[in-house]
Amino acid sequence: MANFNDQSSGPGLTYADTCVNAPTVFQIGPNCPKLKEAYTLDFGDGSRPYSTTATTPVTHPYTKPGQYFVSLRIITKTSAGGICKDTLIKDTLTILETPPDIHLGADTAICNKKGITLDIKVQAKLYVWLVNGAVAGRQRTIKLDRPGYYIVVGLAANGECFKSDTIEVQIKPPPSLDLGPDTVFCYRSSVNLTVPQQTWTQFQWSNGEIREQFPFPKEEPIPLRLSRRLTAPPAKTRIRFGLVSCLNYDWLPI
């Protein structure tokens, strides 16, 4: 925003807030403050010119981006009422497109090793990501993959015209999962595989069975590559996030 409080040093026209649909503010600088003056402001967009005898700020909205040729005509009158001076001031005003609204989504909590990728999803000349108050990126997307709690602000701008959105993200590391060392046993014998970690409550093996222990059958030839996919109980995060489930995997060659 321009500073309109300084005393005028001569006739002029200043302006601020040059974004589409954000009313642009014009400030008239008088030619002879001690004499009566009439001002006519042409906004250059085909709208009706604005006439006044005051130098208070004038607002006008522009609905489309682009260059506009604005002009200010100042008629200075003598004390007798005659025209003392006729001044015409011209300027080129550039109105910028404001980026569309940004929607980063609802606050979220995740529990995995991949993290989360956030995308601003709008076209702009400048992108800025603020993570916990510090600049963390200047691309359209940003990836968060370290455990922690984040307040993330995504900003898209064209010059001084910008839009932003804020999202809160919590990343929880999944509990460890280890099926133990590689196992060797004799043909037509059997072995029970189990998970030593007590964190997990739901279990799924590579053959689709859902159970805590897996009896490796005698009829199964060796070698067999067995996978185990486990689901932890919902872990409470911050109240605003509700519940989140954690997943982890492990492979055991047999």
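Since every read-out is calculated from the coordinates, none of them should be taken as a lab result. Every value quoted in this text rests on a predicted model; they were computed, and no experiment measured them. Cβ atoms come from the backbone with ideal geometry, glycine included; neighbour counts cover every protein chain shown.
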Among the residues of region 153-168, write down those that are outside any loop (DSSP other than H, G, I, E, B) and over 17 Å from Ala109 (Cα atoms).
-> Gly154, Leu155, Ala156, Ala157, Asn158, Cys161, Phe162, Lys163, Ser164, Asp165
Would region 110-132 turn up any residue that is crowded, with 17+ Cβ neighbours inside 10 Å and touching a Pro at 6+ places or on another chain (Cβ under 7 Å)?
-> yes
State yes or no: is Gln27 out of contact with any Pro (no Cβ under 9 Å at 6 or more places or on another chain) and assigned to a strand (DSSP E or B)?
-> no
